[in-house]
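First up is the structure itself, then whatever we jot down about it.
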Amino acid sequence: MKIAVIGAGAAGLAALRHCTSDIYNIEVICYEREDQVGGTWIYREEHGMDQYGLPMHTSMYKNLRANLPKEVMGFPDYPIPDVPENYLHRTQILDFLNSYCDHFKLRQYIKLSHHVELIKPMKTHRKWTVRVKDLPKNSVTVELFDAVMVCNGHFSDPNIPEIKGQDIFQGQQMHSHDYRIAEIFNGKTVVVFGAGPSGYDLAIDISKTAKLVYFSHHMQNVIGTVFSDNVIQKPDVLELFEHSVRFNDDTIASADVMFYCTGYKYSFPFLDETCGIRVDSNMVTPLWKHIVSIENPTLAFIGLPTRVCAFHLSDLQVRFVLQFWSGRKDFLPKQDMLREENEEFKTLAKKGILKRHFHVFNERQRFYADDLAKTAEIVPLAPVIINIYNECYMQFLKDLINYRNSRYKIIDDYNFIRY
């Protein structure tokens with residue numbers, strides 16, 4: 001079996017690690033657009049377009065530290081070594097991914113600086129054509145594969161909401177995708193719009209240099225963090241004027257910058273429409289268990305879920321897929337896979353979860369991981385990994401500024417201590 005892996009970030013490396021194990025008889029090629037492995041953990045000072053005229057992939061900023069402790073940031077069979085820091089800097093995570101790559105001897109399967117332009121299923125054979133551009137050589141090749149794992153990440157295509165007055169606002173408007181250093185906001189009044197993980201962290205990061213930060217969000221959870229005096233929490237932005245903004249509480253404030261920390265869109269510009277995949281209000285569909293294309297089951301997506309232990313879950317998803325592609329397990333009939341996705345969607349809708357949050361897990365992570373392991377009859381995630389994740393999330397909500405000071409120690413597959 002010949003498999004194409006798209007991307008050499010954490011998900012792509014996990015795919016390579018298992019495709020090249022002794023368990024399966026697989027030929028694999030990984031195409032990576034960047035000139036190194038690491039995916040979103042690669043830091044570039046530049047933003048906008050890269051040297052080849054392609055949109056910059058990374059959203060990494062200079063001061064970023066992981067928002068999960070190292071105990072849940074590793075892989076099941078390759079944990080992060082014990083180091084003094086518990087929440088690692090971006091450079092340490094990138095070093096770890098390179099170490100993982102070298103430990104399992106994966107570089108030989110990776111073609112760096114190769115941009116995938118088109119993936120298309122063949123009409124007459126159960127194969128895939130993959131058109132790839134060698135960027136330095138400016139040459140294009142087409143290769144055939146039996147299956148494709150899409151591991152291109154989901155932190156590269158900015159989601160910018162439409163707000164009344166965006167066209168007349170005279171200040172700067174930027175998305176967190178283009179943010180690198182806090183100094184660009186020296187002495188400015190900045191509206192941070194959005195309270196995802198990046199919104200929280202960046203509100204604090206830029207408050208060190210900005211004159212004033214309005215942290216605008218609609219979080220229902222009570223935020224226990226005591227922010228510095230120059231950070232003021234506000235509800236959503238309702239409207240922009242030339243030099244000011246109006247919030248949902250009808251207050252108006254002067255602003256120099258609208259800083260959108262409003263997340264990202266799932267984007268697969270290289271997938272031909274005949275692949276049978278669409279992104280509907282940021283829900284990638286139709287997929288079986290958030291992974292397998294129901295229309296073309298030899299197409300899989302690794303790493304779509306967010307608010308999860310990403311490295312561990314990507315590893316589990318890869319092992320899940322390979323059980324079916326190798327013939328050890330059989331896929332359900334198409335109608336049964338469609339019914340499962342539809343039932344999950346309806347269940348979430350009844351709980352008030354919007355379609356655009358279909359792949360946002362949090363407390364759903366445990367059930368999902370257990371279901372994958374049971375369905376594919378593979379080794380599950382150790383419960384302690386998700387237990388630590390849940391504990392960290394609660395600490396995150398209580399005290400954003402200090403939660404990274406906690407340390408964790410795994411006792412066994414179920415228990416840990418925090419100190």
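The table below gives the values:
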{"item": "Output for the stretch 171-204, where each listed residue is in a helix (DSSP H, G or I) and open to solvent by 50 Å² or more (accessible area, probe 1.4 Å)", "result": "E183, I184"}
{"item": "Every residue from the stretch 323-360 that is part of a helix (DSSP H, G or I), open to solvent by 60 Å² or more (accessible area, probe 1.4 Å) and touching a Ser or Thr at 6+ places or on another chain (Cβ under 8 Å)", "result": "K355, R356"}
{"item": "Conditions (1) free of Cβ contacts under 8 Å to residues at least 12 places away in the same chain; (2) basic (K, R); (3) part of a strand (DSSP E or B): number failed by R131", "result": "(1)"}
{"item": "Selection count where residues are open to solvent by 40 Å² or more (accessible area, probe 1.4 Å) and aromatic (F, W, Y), scope the stretch 145-170", "result": "1"}
{"item": "Hits in the stretch 120-138 (condition: out of contact with any strand residue (DSSP E or B) (no Cβ under 7 Å at 6 or more places or on another chain) and of a type in the set (S, T, Y))", "result": "T124"}
{"item": "In the stretch 382-399, residue surrounded by the fewest Cβ atoms within 10 Å (Cβ to Cβ) [restricted to those that are within 30 Å of W325 (Cα to Cα) and within 19 Å of the chain's Cα centre (by Cα)]", "result": "I386"}
{"item": "Unique match (being open to solvent by less than 20 Å² (accessible area, probe 1.4 Å) and over 24 Å from C392 (Cβ atoms)) among F320, F311", "result": "F320"}
{"item": "Exclusive hit being of a type outside the set (A, V, I, L, M), open to solvent by less than 80 Å² (accessible area, probe 1.4 Å) and closer than 17 Å to K409 by Cα, set Y43, Y78", "result": "Y78"}
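The values are calculated or read from the model by the stated rules, or taken from the named source; none is laboratory data. These numbers come from a predicted model, not from an experiment. Here the Cβ is made from the backbone with ideal geometry for all residues, glycine too, and neighbour counts use every protein chain on show. Ligands, DNA and RNA are stripped out before the accessible areas are found, and what is left, the full protein with its side chains, is counted by its heavy atoms. Shrake-Rupley method; radii C 1.70, N 1.55, O 1.52, S 1.80 Å.
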